1. Points 7 angstrom from Cα along the Cβ direction at Ser8 and Asn117: gap in nanometres?
2. In the neighborhood of Asp75, defined by Cβ-to-Cβ distances under 11 Å, what is the net charge if each Lys or Arg adds +1 and each Asp or Glu adds -1?
3. Counting pairs of alpha carbon atoms under 8 Å apart in space and at least six apart in sequence, what relative contact order in percent does region 152-285 give?
4. In debye to the nearest 20, how big a dipole does region 91-217 give about its Cα centre with +1 on each Lys and Arg Cβ and -1 on each Asp and Glu Cβ?
5. Work out the length of the dipole vector of region 235-309 about its Cα centre, built from +1 on the beta-carbon of each Lys and Arg and -1 on the beta-carbon of each Asp and Glu, and round it to the nearest 20 debye.
6. On a C-alpha basis, how far is the centre of region 1-57 from the centre of region 108-135 in Å? Whole number, if you could?
7. Could you line up Met230, Met1, Met93 from fewest to most neighbouring Cβ atoms inside 10 Å?
8. Taking +1 at the Cβ of each Lys and Arg and -1 at the Cβ of each Asp and Glu, which of Leu127, Leu83, Val159 sits farthest along the dipole of the chain towards its positive end, judged by Cα position relative to the Cα centre?
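Since every read-out is calculated from the coordinates, none of them should be taken as a lab result. Values in this document were obtained by computation on a predicted structure and should not be read as measured data. Here the Cβ is made from the backbone with ideal geometry for all residues, glycine too, and neighbour counts use every protein chain on show.
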Amino acid sequence: MTVAARASTLFADVDAECIPDAPIGQQTWFKIGGRADVLVIPRTIDALATIVSRLSRDGLPMRVLGAGANLLVDDDGIDGVVLSLSAKAFSAMDVERGGANSLIRVGAGKDLFTLLNELARSGLAGLNQLAGIPGSVGGAIRMNAGGHFGDTAQAVQSVEMILPSGAKATFLKDALHFNYRHSGLPAGIVTSATFHVDPTDPTLVRQKHAEIFSWKKSRQPFRENSAGCMYKNPIDRATLERVSAGKLIDSAGLKGLAVGGASVSAHHANFFVVQAGALASDVAQLSEVVSDRVFDHCGIRLEREVVFWKRGGDE
């Protein structure tokens, strides 16, 4: 029995949609890569809990597809079940206004661009640092997404998850030990997060977002197919300080370096961009070449920030 047929049987009584042979590569920011054996879209949190518990029980591989940022799908596709939190149940936002103690609770499937626009209209600051960062709320929590202006963790109050058993759990920020591109979350799936926000003049929030977008557009290849920063900023062992991966790649003379249809951006060296006809294998090979050449140049080994999904085990 195929994975798709098995999933259809396994979740026949669950409020979810099962899509066999789903073209998920096209749903990533790179817009390249293969297909998933089956894409499952639960319509409720209870349905997600049931799905997760059954997949864990049966030992089936399980991945979560967010907004498709920071992700490369192998040309040969991926095995197991891919879960999508694209249903409305996972994108709701509730606001609890209380002056300086105001909170928002946001579903993990909420797109960050959409969330920031809604917060600006509502005059709620606190997540301005995420302006211009691609992805979903769940992905931002899981990897503690951030950049020059700050990270996700600084606004987090708590995170709600479905654990592999199907149980629901809530974790307060202090229990998660957030740090650079790391959340400390246990295994499971983020379903929502609660953030601290500050009510203010909507015009001021929009202005701040515009300033951050302007700064990023002047430094990053916004108009090209990319997946955000390819590598994490590494720690220089000599200084014990984080250094810019982009500057290391640039100093190694690698801007514009290409493999097939993938190349190091001439605009920002920590971004890989792809042309029409590019393969996921082009990106993967380019990432190895760049990592090796930077190591040869300065002795620092770069660690990828972009996740590579492939059959038999992810990188």
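1. Here the answer is 3.6 nm between the modelled labels.
2. Working: positive: Arg35, Lys310, Arg311; negative: Asp74, Asp76, Asp282.
Here the charged neighbours net out to 0.
3. Working: 173 pairs, mean separation 23.1, N = 134.
Rounded, it is 17 percent for region 152-285.
4. Numbers: 12 positive and 10 negative charges, 50 e Å.
So the magnitude is around 240 debye.
5. Numbers: 7 positive and 9 negative charges, 21 e Å.
It comes to approximately 100 debye.
6. Here the two parts' Cα centres lie 27 Å apart.
7. Details: Met230 26, Met1 8, Met93 18.
The fewest-first ordering by Cβ neighbours comes to Met1, Met93, Met230.
8. Of the candidates, Leu127 comes out farthest on the positive side.
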